Amino acid sequence: ILDPAINVTATAVRVPVMGGHSEALNIEFENDFDLSDIRMLLHQQEGITLKDDPTTNTYPMPLYSEGKNDVFVGRIRRDESQKNTLNMWVVSDNLRKGAATNAVQIAQLLVKKGLV
C-alpha cells in the first residue's frame, strides 16, 4: 500500500451504532469537477444536510441522523486512484429515511409538480 505506483482510496468506519445507515460512496463523473461546486450543490439540495469540515472533524455520523428525515453527507474528497471521481460518506436514519418516507416524499413532489 505504501508503493506510490498503487492507487488506493480508503474509508475507515467505526462500529457498532444504535441506529442509522451509512454508505461510503464512490462516484465517477464524465468530466472533471470542482469540490466546492459539489459541496454547494449538495448544500442547496432539499433533504440533504452537509456536514463536511475536516478542519473541525465535522462529518456525518448516525447519531446526527437519528429521528430526522434528512440525509447527511460529508467527507467529500477526490478519489486520487481514479480520474474524475470523488468519495463521500452518507448517513441517514434507517427507520425514518427508507422506503416509506421516500414513497411519501416522491408522492408529495408529484403533487407539487402537478403530475398527479
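The values are calculated or read from the model by the stated rules, or taken from the named source; none is laboratory data. All values reported here derive from a predicted model rather than from experimental measurement. In this analysis, Cβ positions are derived from the backbone assuming ideal geometry, glycine residues included, and neighbour counts consider all displayed protein chains. Just the protein is used for accessible areas: all its heavy atoms, side chains included, with ligands, DNA and RNA removed. Shrake-Rupley method; radii C 1.70, N 1.55, O 1.52, S 1.80 Å.
Residues of the range 4-116: accessible area per residue at 1.4 Å, in Å²?
Numbers: 8100 Å² over 113 residues.
Solvent-accessible surface per residue comes out at 72 Å².
Please report the carbon-and-sulfur percent of the accessible area for the chain; probe 1.4 Å, protein heavy atoms only, DNA, RNA and ligands left out. The partial results should precede the final answer.
Values: 4730 of 8500 Å².
Accessible surface attributable to carbon and sulfur in the chain totals 56 percent.
Spatially close Lys pairs in the chain, defined by Cα atoms under 23 Å apart and a spacing of eight or more places or different chains, total 6. The residue list T85, L25, V73 was ranked by how far each Cα lies along the charge dipole of the chain toward its positive end, using unit charges on Cβ atoms, and V73 comes out on top. In units of the compact-protein estimate 2.2 N^0.38 Å, the range 60-116 shows a Cα radius of gyration of 1.50.
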